[in-house]
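The values are calculated or read from the model by the stated rules, or taken from the named source; none is laboratory data. Keep in mind it's a predicted model, so treat the numbers as computed, not measured. Cβ placement follows ideal geometry from the backbone for every residue including glycine, while neighbour counts extend to all protein chains displayed. Please note that ligands, DNA and RNA were not included when accessible areas were found on the heavy atoms of the full protein model with its side chains. Shrake-Rupley method; radii C 1.70, N 1.55, O 1.52, S 1.80 Å.
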Amino acid sequence: MDDVAASQEASLPPGLAPGTGKTFYIETFGCQMNVHDSEKVAGVLLTRGYRPVESHEEAELVLYNTCSIREKAAQKVFSRLGALRKGYRGSSKIVGVLGCVAQQEGEEIFERAPQVGLVCGSASYPRIAELIDKLEQGQRRVTGLELETEDCFETELTRRDNPFRAYLTIIEGCDKECSYCVVPMTRGPERSRPSGRVLEEVKRLAGEGYSEIQLLGQTVNSYRDPSPARLSFAELLVRVAETRGVRRVRFTTSHPLDFGPEIVQAIESHPAICNQIHLPVQCGSNRILAAMRRTYTREEYLEKIDCIRSSKRNISVSTDIIVGFCGETEEDFAQTLDLIERVGYSQMFSFKYSVRPKTAAGGWVDSVPEEEKSRRLTLLQERQRQIQLAAHQDLIGREFEVLVEAFHPKLGQSAGRTTCNRTINFAGRPEWTGSYLKVRVTAAGPNSLVGEREDGNFQPLEPASNAPGEDCHGS
Ligand code: SAM
Ligand code: SF4
């Protein structure tokens, strides 16, 4: 959520002056896909004349876009609703619950939180305008809970919250059946957007000044072009990178099953495709991978890593890991520790296994006690911290091109991101934000780097098409 930097009103479309219509406020929980879904829902509201406000107190329509991937995430929304219930008894404010909790809890949300008027899962977002119509016409409770759909959520307008980087969902839903995961049940079956529509949107975004495009999907590399062009995911990546004005392309999340050498070749073929792959492994033990129904073995996963490592580009690999899954022994966990050592991930998102209702594993014994999960998580994170610190120390003295994403006035620092998705903080200026600058690394921490601009004379680089990547510098 660090991306949500720009003022909401900054991206109002022409003809929609602030001050018209009703007010809305959206709070988003969870992943980048949720953040982007909220941007699209906000776009729908803006085209209907709604105006964004900065807090739920001011808003006539309050929407919570929710996440239920782990129990704690799901609980958050109910605590928000509990707080609202006290404050707004009898008010005309409309409250809506969107996303994964909406899909999973359905109409029960109305029982738990009577002030809620709208419950809508992401597979029903194509109907969100119609649902809002019904609310405006005075209907007290409306739902969008159908899951079987072939539609993607297309909007006339998307209110993007970051002025330089645009998220773009190319595939919705998930057809994998990981035993621990709610996503196939909360987001529905896989649906890919036609490549022509994706490329049109990229062209428009580049024209509007977005120089970094991030392609999104729960399993982004399972993309199947439904149009006659039948572009593969790797071909689509290259076509996005070739778009004039696009300087960086990222994509997340890749599923190991559908990951092949053609993606590495695509990265090698075009400098605008970033040196970064997010390839969640979840666990290092074959026994547990099988129980998780991840569809690959440790050895198969490591072959994919070898393919990435043999690239002439220096590609960073990040991952997700779950510790304490049903039946995970100390030996299974030791294999996870061994795997992170072997791969040398640039970043890791790690979680304690959380039992989720209606999943296959939800019916199994959650055998690892909570304290043991915490112990394993701490050990894993400490090891990863050391791996990252050592990798970052090796970068001291090297120069990287960064996209400057933020300026922190209190520190007088700009923060930029390398092609490998590493953050470098350096003495900066507010007007540098949005530019591509060369920065030399002077110090390293486990999570970020410190650097300095080589040349103090600021020369903003145009977000021109297809600037060279950083292969020559490594990282
Ligand atoms: N589609 C992506 C993939 O296959 O790797 C993952 C999407 S999921 C939104 C993000 C991460 O949440 C997963 O990679 C997994 O590590 C974690 N996760 C999912 N279900 C979980 C659960 N029940 N308990 C703990 N972590 C979970
Ligand atoms: Fe969940 Fe597995 Fe689909 Fe990822 S691939 S969203 S972990 S079911």
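Inspection of the stretch 387-395 identifies at least one residue that is away from ligand 1 (no atom under 16 Å from the Cβ), polar (S, T, N, Q) and within 19 Å of Arg440 (Cβ to Cβ).
The numbered conditions (1) under 22 Å from Glu71 (Cα atoms); (2) at pLDDT 95 or above are all true for Gly188 except (2). Check the stretch 168-185 and report whether any residue there is away from ligand 2 (no atom under 16 Å from the Cβ) and either surrounded by 23 or more Cβ atoms within 10 Å (Cβ to Cβ) or on the phi > 0 side of the Ramachandran plot (or both). For the stretch 168-185, residues away from ligand 2 (no atom under 16 Å from the Cβ) and either surrounded by 23 or more Cβ atoms within 10 Å (Cβ to Cβ) or on the phi > 0 side of the Ramachandran plot (or both): absent. Counting only residues that are more than 16 Å from ligand 2 (Cβ to nearest atom) and in contact (Cβ under 8 Å) with a residue 12 or more places away in the chain, the stretch 67-80 holds 5 of them. Looking only at the stretch 284-304, count how many residues are small (Gly, Ala, Ser) and part of a loop (DSSP other than H, G, I, E, B). Going through the stretch 284-304 one residue at a time, the tally reaches 2. Residue by residue through the stretch 212-234, note down the ones that are acidic (Asp, Glu), over 13 Å from Pro194 (Cα atoms) and either more than 20 Å from the chain's Cα centre (by Cα) or within 16 Å of ligand 1 (Cβ to nearest atom) (or both). Passing the criteria: none in range.
To keep it simple, each residue is scored yes or no on (1) open to solvent by 60 Å² or more (accessible area, probe 1.4 Å); (2) in a helix (DSSP H, G or I); (3) out of contact with any Pro (no Cβ under 8 Å at 6 or more places or on another chain).
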site	(1), (2), (3)
Ser79	yes, yes, yes
Ser91	no, no, yes
Leu98	no, no, yes
Val101	no, yes, yes
Gln104	no, yes, no
Phe110	no, yes, yes
Asp133	no, yes, yes
Thr143	no, no, yes
Glu156	yes, no, yes
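Testing Arg398 on (1) touching a His at 6+ places or on another chain (Cβ under 8 Å); (2) of a type in the set (D, E, K, R); (3) farther than 30 Å from Glu431 by Cα, one condition comes back false. Which one is that? So Arg398 meets the others, but not (3). Among the residues of the stretch 121-137, is there at least one that is modelled with pLDDT under 95 and touching a Ser or Thr at 6+ places or on another chain (Cβ under 6 Å)? Scanning the stretch 121-137 turns up at least one residue that is modelled with pLDDT under 95 and touching a Ser or Thr at 6+ places or on another chain (Cβ under 6 Å). If you filter the stretch 351-361 down to residues that are within 13 Å of ligand 2 (Cβ to nearest atom) and open to solvent by 30 Å² or more (accessible area, probe 1.4 Å), you find that the one that is farthest from Leu380 (Cα to Cα) is Lys358.
Counting only residues that are open to solvent by less than 20 Å² (accessible area, probe 1.4 Å) and away from ligand 1 (no atom under 16 Å from the Cβ), the stretch 60-76 holds 4 of them.
Can you say whether Glu105 is closer than 26 Å to Ile322 by Cβ and of a type in the set (Asp, Glu), as far as the supplied structure shows? So Glu105 passes the test. Is there a residue being modelled with pLDDT of 70 or more, open to solvent by 70 Å² or more (accessible area, probe 1.4 Å) and part of a helix (DSSP H, G or I) anywhere in the stretch 37-59? No, the stretch 37-59 contains no residue that is modelled with pLDDT of 70 or more, open to solvent by 70 Å² or more (accessible area, probe 1.4 Å) and part of a helix (DSSP H, G or I). Among the residues of the stretch 305-359, those identified as polar (S, T, N, Q), assigned to a loop (DSSP other than H, G, I, E, B) and out of contact with any strand residue (DSSP E or B) (no Cβ under 8 Å at 6 or more places or on another chain) are Ser310, Ser311, Asn314, Thr329, Ser354, Thr359. Here Arg422 meets the list (1) open to solvent by less than 40 Å² (accessible area, probe 1.4 Å); (2) touching a Gly at 6+ places or on another chain (Cβ under 7 Å) almost entirely, failing just condition (2). The numbered conditions (1) out of contact with any helix residue (DSSP H, G or I) (no Cβ under 7 Å at 6 or more places or on another chain); (2) open to solvent by 30 Å² or more (accessible area, probe 1.4 Å); (3) closer than 30 Å to Leu289 by Cα are all true for Pro114 except (3).
Taking every residue in the stretch 293-313 that is free of Cβ contacts under 8 Å to residues at least 12 places away in the same chain and closer than 16 Å to His278 by Cα and pairing it with any residue that is not hydroxyl-bearing (Ser, Thr, Tyr) and not in a loop (DSSP other than H, G, I, E, B), at least 6 positions away or on another chain, the pairs with Cβ-Cβ distances below 9 Å are Arg309/Val317; Arg309/Val343.
In this structure, does Glu399 turn out to be more than 16 Å from ligand 1 (Cβ to nearest atom), acidic (Asp, Glu) and closer than 30 Å to Cys100 by Cα? No. When the residues of the stretch 371-387 are narrowed to those that are touching a residue at least 24 places away in the same chain (Cβ under 8 Å) and open to solvent by 60 Å² or more (accessible area, probe 1.4 Å), which ends up farthest from Tyr180 (Cα to Cα)? The selected residue is Gln386.
Return the residues of the stretch 163-187 that are in a loop (DSSP other than H, G, I, E, B) and aliphatic (A, V, I, L, M); say none if nothing qualifies.
Ile170, Val182
Residue count for the stretch 258-299 satisfying the condition of being farther than 28 Å from Gly362 by Cα and small (Gly, Ala, Ser): 4.
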